[in-house]
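First up is the structure itself, then whatever we jot down about it.
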Amino acid sequence: MSGARRPTMADVAAKAGVSLSTVSLSYSGAGPISPDMKIRVEKAASDLGYAGPSPQARALRSGRTNVVGLVIHEHLQFALRDPLTLRVLDGVVGDLGDMGLGVLLIPSPTTESTEPGLLDTAPMDAAVIMRTRDHDEPALETLERRGLPVTIVEGTAPGAASVTINDTAGTAHLIRHLVELGHTRIATVTLPRNSLCETAIVEGDMLAGPLWAPTYHRLQAFSDVGIEPCVVIETRASFIEEGIAAGHMALSHPSRPTAVVCQSDLLAGGVVLAARELGLQVPRDVSITGFDGLDLAWLAPMELTTMTQDAAAKGHLIAQCVKALLAGEEPPAFELPVEFKRGNSTAVARDR
C-alpha cells in the first residue's frame with residue numbers, strides 16, 4: 001500500500017530481538033558480529049521488507065557522500081569521444097566502484113563563469129581535475145575554496161595529488177627523431193590551447209596562455225629542442241575530422257613542411273588522411289607523428305610513429321590518489337612513463 005509506513009532499523013531490531021546497535025553493525029560491517037546474529041537480523045529485515053539504511057542517512061552519520069567529482073571538460077561530448085579519455089575513465093570508475101565510491105561527471109568552469117555552477121555546489125568527498133590549464137585553473141580555485149582534496153591529471157598544484165606524464169620530453173624525442181631524419185621544416189598540430197578555440201593557424205607567441213597543460217607541455221618541447229615550427233595549427237578538439245582540417249592547413253602552408261608533429265594520434269590520423277587527399281604520400285612526401293599509442297586499425301598498413309602511454313594504468317593511479325587523500329595521507333605524485341614507438345609514418349626528409 002502506498003500509504004504504509006516504511007520499516008525502520010528500529011523495527012528490524014525489535015523483530016530480531018536485538019539492540020539497534022547490533023542491526024547497525026550488521027549493515028555497516030564496522031564491528032564484530034557473529035554469523036548467526038547477522039542471519040537473524042537479515043531474516044527480520046527480509047520479513048519486514050526493510051532494504052537497509054538510506055544513503056542520505058548514512059551520509060549524515062559518516063559525514064561522507066561517497067561521491068568523487070570528475071571534472072572533465074566544459075563540453076562533455078568532447079571528452080567522451082576521445083578513446084584515450086574513455087580508457088582512463090574506465091580504470092578510474094572501476095577502481096573507485098570497488099572502493100564503494102560513485103562518480104559525478106562535472107563540466108569544467110570557464111574563466112568567464114560568474115554564477116555558481118555544479119562544481120560549486122555538488123556534494124562530493126574529493127575531486128579529480130582531468131584536464132587543467134597551465135595556470136589560473138578556475139576548477140582548482142573553486143575546489144580549494146571548498147576545502148576538498150584534489151587530484152590533478154597532467155598537471156600539478158601545491159597540496160594536490162597528481163598523475164602526470166613527461167609529455168614535454170616525449171614530444172622532444174619525436175622532434176629529435178625527425179631532425180635526425182633530416183627534417184628542418186616541421187609543422188605542429190596541437191590540442192586545444194583553451195576552451196574557446198576553433199581549428200586555425202596560430203599567429204604570434206604559440207605559448208601565450210592560459211593553455212591546457214598538455215598543449216603547453218608539448219609545445220614547450222620545440223623550445224627545449226631549439227626548433228621553431230614552420231607553422232602551428234591549433235585544433236578545436238582531438239577528433240579525426242579536426243586533424244583532417246588542420247592537415248589541409250599545415251600541408252598547404254607556404255612553408256611547405258616535410259614533417260608534422262601532432263599532439264594526439266587521432267589528430268595524426270586526420271593529417272594522414274589530409275595528405276592523401278592532397279596527393280601526398282606518407283612518409284615519402286611528409287612524415288607524421290602522433291602521441292598516445294592508440295590502435296588505429298583503419299590506418300593499416302600504416303602505423304604511426306608515436307609516444308605511447310598506458311591509459312588504464314593512468315586511471316588506476318588516479319584512483320590510488322583519491323584513496324590516499326580520503327585516508328588523510330600525503331598527496332601522492334605519480335609520473336607515468338611514455339615510450340617511443342617507431343612506425344612507418346616517418347622517413348628521411350625529401351623536398352616537395
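The values are calculated or read from the model by the stated rules, or taken from the named source; none is laboratory data. Just so you know, these numbers come straight off a predicted model, no measurement behind them. Using ideal geometry, Cβ is built from the backbone for each residue, glycine included, and neighbour counts are taken over all protein chains shown.
Side notes on the structure shown:
- Qualifying residues in the stretch 296-325 (those that are surrounded by fewer than 19 Cβ atoms within 10 Å (Cβ to Cβ) and in contact with a Pro (Cβ under 7 Å, 6 or more places away or on another chain)) - the one nearest to ASP265 (Cα to Cα): GLN320
- Remark: LEU105 falls outside the filter, which requires a residue to be over 23 Å from ALA312 (Cα atoms), at pLDDT below 95 and not assigned by TED's automatic domain parsing to the domain that holds VAL271.
- In the stretch 14-29, residue nearest to ARG40 (Cα to Cα) [restricted to those that are buried (at least 18 other Cβ atoms within 10 Å of the Cβ) and modelled with pLDDT of 85 or more]: ALA16
- Elements of type strands (runs of 3 or more DSSP E) contained in the stretch 306-352, each with 3 or more residues being over 18 Å from the mean Cα position of the chain (by Cα): 339-341
- The sole residue among ARG284, ARG342, ARG276 that is out of contact with any Ser or Thr (no Cβ under 6 Å at 6 or more places or on another chain) and under 22 Å from ARG176 (Cβ atoms) is ARG284.
- Every residue from the stretch 46-93 that is in a helix (DSSP H, G or I), at pLDDT below 85 and not polar (S, T, N, Q): LEU48, PRO55, ALA57, ARG58, ALA59, LEU60, ARG61, LEU76, PHE78, ALA79
- Test result for LYS341, crowded, with 21+ Cβ neighbours inside 10 Å, of a type outside the set (A, V, I, L, M, F, W, C) and closer than 23 Å to ALA169 by Cα: no
- Pair list, Cβ under 7 Å, 6 or more apart: the stretch 217-229 residue free of Cβ contacts under 8 Å to residues at least 12 places away in the same chain, other residue assigned to a helix (DSSP H, G or I): GLU228/PHE222
- In the stretch 111-121, the residues that are at pLDDT 65 or above and under 20 Å from the mean Cα position of the chain (by Cα): LEU118, LEU119
- Among the candidates GLN263, GLN309, residue that is at pLDDT 95 or above and within 24 Å of ILE227 (Cα to Cα): GLN263
- Residue that is farthest from VAL128 (Cα to Cα), among those in the stretch 158-170 that are of a type in the set (S, T, N, Q) and not in a loop (DSSP other than H, G, I, E, B): THR168
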